[in-house]
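Step one of this worksheet: look at the structure below.
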Amino acid sequence: MIRPKLAIAMAAALMFLLAAVAITISYVTTPKSKQVKLEAVGIANTQAARTREHSASADASTDATPGVIYAASFTDLDGKSQSLGQWQKKLLVINFWATWCAPCKEEMPIFAKLQQNFVSSGVQFIGIAADSKLNVANFAQRSPVGYPLYPDESGAIAFSKRLGNRLGLLPHTVVVAPGGEVVYTKLGLVVEDDFVAILRQNLPK
């Protein structure tokens, strides 16, 4: 049988030992944990820096100058050449699309509504299609949108890339402020409320 004094001493020694182990574990693991976190932050910052460098490089390679934008011209469905320069005093929304692109057709009713709502505020939408004249004409007849549609099967994607669409995907939407500054680009579907805010922020004065 263990004497009470001996039991008390053993218990105290055990508690001391456990406390010492806990302190040791805390001392050893805490710096490592912090080091791991710092390394993770460093990696994230490095990746972000590389991403920014890549974006800056890509942006530098795009040719979205006012001269390039307003010098571009497209043939409308009536066979007439239309220069983007005719809208240099407007807030110009350029939507790159195609009849075979389901997301493109999904967002076009939004653009049609906004064209009607903002026409008196100096906003002009146009749709440049990476598609044939026949396909675009048939689409326009079935689903009129109330803004010009220009088929350019061979050149639409190339022009889209010059305006920042590095991947060459659709839909791609660009907002050009009066004077030719690109103030917004979106690859993929636009969110109507967010897009309305962009329009309101950049209306011609």
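The values are calculated or read from the model by the stated rules, or taken from the named source; none is laboratory data. Just so we're clear, the structure is a prediction, and the values are computed from it rather than from any experiment. Positions of Cβ are backbone-derived with ideal geometry, glycine not excepted, and every protein chain shown enters the neighbour counts. To get the accessible areas, we keep the full protein, side chains included, count just its heavy atoms, and leave off ligands, DNA and RNA. Shrake-Rupley method; radii C 1.70, N 1.55, O 1.52, S 1.80 Å.
Residues checked against (1) among the small types (Gly, Ala, Ser); (2) under 22 Å from the mean Cα position of the chain (by Cα); (3) not assigned by TED's automatic domain parsing to the domain that holds Val175:
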residue: Gly85; (1), (2), (3): yes, no, no
residue: Ala98; (1), (2), (3): yes, yes, no
residue: Lys105; (1), (2), (3): no, yes, no
residue: Asn117; (1), (2), (3): no, no, no
residue: Val123; (1), (2), (3): no, yes, no
residue: Lys133; (1), (2), (3): no, no, no
residue: Ala140; (1), (2), (3): yes, no, no
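Residue check, Leu163 against (1) farther than 25 Å from Lys89 by Cβ; (2) surrounded by 17 or more Cβ atoms within 10 Å (Cβ to Cβ), all met but one. Which one?
The one condition Leu163 does not meet is (1).
Return the total of residues in region 166-178 being open to solvent by 40 Å² or more (accessible area, probe 1.4 Å) and free of Cβ contacts under 8 Å to residues at least 40 places away in the same chain.
Total meeting the criteria: 2.
Being part of a helix (DSSP H, G or I), touching a residue at least 40 places away in the same chain (Cβ under 8 Å) and either among the small types (Gly, Ala, Ser) or touching a His at 6+ places or on another chain (Cβ under 8 Å) (or both) is the filter here, so list the residues in region 65-106 that pass it.
Hit for region 65-106 is Gly67, nothing else.
What residue, of Thr99, Thr75, is of a type in the set (Ser, Thr, Tyr) and buried (at least 16 other Cβ atoms within 10 Å of the Cβ)?
Thr99
For region 147-171, how many residues are within 19 Å of Val196 (Cβ to Cβ) and of a type outside the set (Phe, Trp, Tyr)?
The total comes to 1.
What about Phe139, is it part of a helix (DSSP H, G or I), crowded, with 19+ Cβ neighbours inside 10 Å and in contact with a Phe, Trp or Tyr (Cβ under 7 Å, 6 or more places away or on another chain)?
So Phe139 fails the test.
If you scan region 119-136, which residues turn out to be of a type in the set (Gly, Ala, Ser) and either touching a helix residue (DSSP H, G or I) at 6+ places or on another chain (Cβ under 6 Å) or surrounded by 14 or more Cβ atoms within 10 Å (Cβ to Cβ) (or both)?
Gly122, Gly127, Ala129, Ala130, Ser132
Only one of (1) touching a Pro at 6+ places or on another chain (Cβ under 8 Å); (2) open to solvent by less than 50 Å² (accessible area, probe 1.4 Å) fails for Glu181. Which number is that?
Tallying (1) touching a Pro at 6+ places or on another chain (Cβ under 8 Å); (2) open to solvent by less than 50 Å² (accessible area, probe 1.4 Å), Glu181 fails exactly one: (2).
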